[in-house]
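Taken together, the values in this text are just the output of simple stated rules run on the coordinates, not laboratory data. None of the values given here were measured: they were computed from a predicted structure. Cβ: placed from backbone, ideal geometry, glycine included. Neighbour counts: every protein chain shown.
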């Protein structure tokens, strides 16, 4: 029995995934096993250790705020599953 | 004899002396694909006409002039598909731009030809997570080619690509190269631009070559690396000629064997092969010593917190609006997101998005994500200390030979644990290469074993020197 309890439906909603009840049970069991393994991290002495987000020193990279060539409207829309009036089309959000 | 059995250097010779043309070579590779791909399943698509058109104008005096190179299906080439092995990009997506790595290869004269199968969004170590087909190991057709760059390794080892590009987030170049019996190299993080590589875990992803020899890998790496202002993690470092070190001996080179890599889970025959390889390095004059990377065991847990966390953010872009699969049955915007994503993503991708979302969610961030980032520091420090004593670290690439297709499906944790030897180099951003190290007789098949070499950041020259000496020695 896992020490973890995931509210799988809440996590799925945050992730914008729709799970059937069977899928939810299945994924929750698998994730519990994986999280049990991750408890190895809790055993490490991490006091005073700085977190690493990038392995090599990469600092904020800036560039001049100047227009550069980019996609044309047609290129940007070329893969859109639905477009109308040269815009991406989405389901209605305002009644 | 098919041209596809020759090295890039040999083919360069034939091209420059006009014994063959670039178009001959492209046609030869295409015939090999047509003959063998129905069995191997390495390629998803290939556009012969487009490649022949590039071959017409190929400048064979360039360093890679006229050489067709196969591409993992997560690297954008304008006008070609780029599915990431996923249903979500198999429809409504044709690359509208070209990755910098591809531009660099083209600049050197190469022709990107063919799109290679992979685990969906590079998540997996067997290519079984592709939604678009099965890829087989040329050494044993009932076995996995490894992954996630399984199509790349299968095509190169199977003689239907001269060389290929892969991407490596936790071992996805080195492990399939090891299991199929070819060379796979991951450069230092930041060496090769990630612009145009569809992101899995941005702080770990790196493009690199899969080839049949170390010399071919060095040649390709020369033309993949370089600073790119379009990738904010790209390193402003000069790129030496990596082929210049090939042939140099390794007398006196200090090689460390991390004791934490020779563990219970290591298959005894794999260990025997690797020990034999180490004896060869010693016979070539290298100085071998045992070292310790004490936080190795935490690597898998660290990686499987950080990589899914980054993936859950990166894959949020697949919303069914701008590109990719869009559900036909949604009634409102929320349903549109839920259904488009749930219909488009496969099980392993869903699993990792869920895991990543969980470890980043309120109340769990400190316990998992921050903890893993700190563990990453310890793992990186292990290497820094080790490289004060040795020049190169050598280990097995994978603890086991290639599994049978289907063997590990349904046991994600076991599959994750097998990445134990390749993950640390990604977490520490180090260059690493897998080189063939013999085969083992296993359940009636002769299965390849890989030997992994790791060096400190930006020291690919020493990596190629050691790997090449081992390969030819």
Could you line up B:391, A:86, B:73 from fewest to most neighbouring Cβ atoms inside 10 Å? A:86, B:391, B:73
Please report B:278, B:409 as a ranked list, fewest other C-beta atoms within 10 angstrom at the top and most at the bottom. B:409, B:278
For peptides B:214-222, B:317-325, sequence by mean Cβ density within 10 Å, most packed first: B:214-222, B:317-325
Which residues does a label at residue B:414 reach in segment B:123-138, if reach means a backbone N under 16 Å from a point 7 Å past the Cα toward the Cβ? B:125-126, B:128
Taking R0 as 51 Å, what FRET efficiency do you get between residue A:95 and residue B:283 from their Cβ-Cβ distance, rounded to the nearest 0.05? 0.05
Cα centroid distance between segment B:409-473 and segment B:38-58, in Å? 29 Å
For residue B:407 paired with residue A:29, estimate the spin-label separation in nm (one decimal), with each label point 7 Å from Cα along the Cα-to-Cβ line. 2.3 nm
Can you pull the one-decimal nm distance between simple spin-label points at residue B:16 and residue B:317, each 7 Å off the Cα toward Cβ? 3.9 nm
Note to self, chain B gives a 222 nm [θ] from helices alone (DSSP H runs n ≥ 4, -39500 (n - 2.57) apiece, / all residues, nearest 500) of -11000 deg cm²/dmol
Segment A:75-95 and segment B:143-182: distance between their alpha carbon centers, rounded to Å: 38 Å
Within 10 Å of each Cβ in peptide B:411-417, how many partner chain Cβ atoms are there on average? Round it to a whole number, please. 3
Based on the alpha-carbon gyration tensor of segment B:322-444 and its eigenvalue square roots a ≥ b ≥ c, which shape applies: rounded if a/c is under 1.5, prolate if not and a/b is larger than b/c, or oblate? oblate
Which of rounded, prolate, oblate describes segment B:3-245, given a ≥ b ≥ c as roots of the alpha-carbon gyration tensor eigenvalues and a/c under 1.5 marking rounded, otherwise prolate only if a/b is larger than b/c? rounded
Inter-chain shielding of B:370-382 (mean C-beta neighbours from other protein chains, 10 Å cut-off): 5
What does the highest-first list of B:29-39, B:263-273, B:186-196, B:112-122 look like by mean Cβ count within 10 Å? B:112-122, B:186-196, B:29-39, B:263-273
Is any residue of segment B:438-473 close enough, with backbone N under 17 Å, to a label point placed 7 angstrom from the Cα of residue B:254 along the Cα-Cβ axis, and if so, which? B:454-457, B:459, B:462-463, B:466
What number, in percent, do you get for the relative contact order of segment B:157-272 if the mean sequence gap of Cα pairs under 8 Å and at least 6 apart is divided by its residue count? 23 percent
With a Förster distance of 41 angstrom and the Cβ-Cβ distance between residue A:4 and residue A:84, calculated FRET efficiency to the nearest 0.05 equals 0.35
Fully extended, how many nm does the chain gain between residue B:39 and residue B:262 (0.36 nm per residue separation, minus their Cα-Cα distance)? 76.7 nm
By how many degrees, between 0 and 90 and to the nearest 10, does the Cα long axis of helix A:21-38 differ from the longest principal axis of chain A? 60 degrees
Quote the FRET efficiency, to the nearest 0.05, computed for residue B:31 versus residue B:9 with a Förster distance R0 of 30 Å and r equal to the Cβ-Cβ distance. 0.85
Determine the shape class of segment B:249-304: with a ≥ b ≥ c the square roots of the Cα gyration tensor eigenvalues, call it rounded for a/c under 1.5, and otherwise prolate if a/b is greater than b/c, oblate otherwise. oblate
Distance in nm between pseudo-label sites at residue A:65 and residue A:22 (7 Å out along the Cβ direction from Cα): 5.5 nm
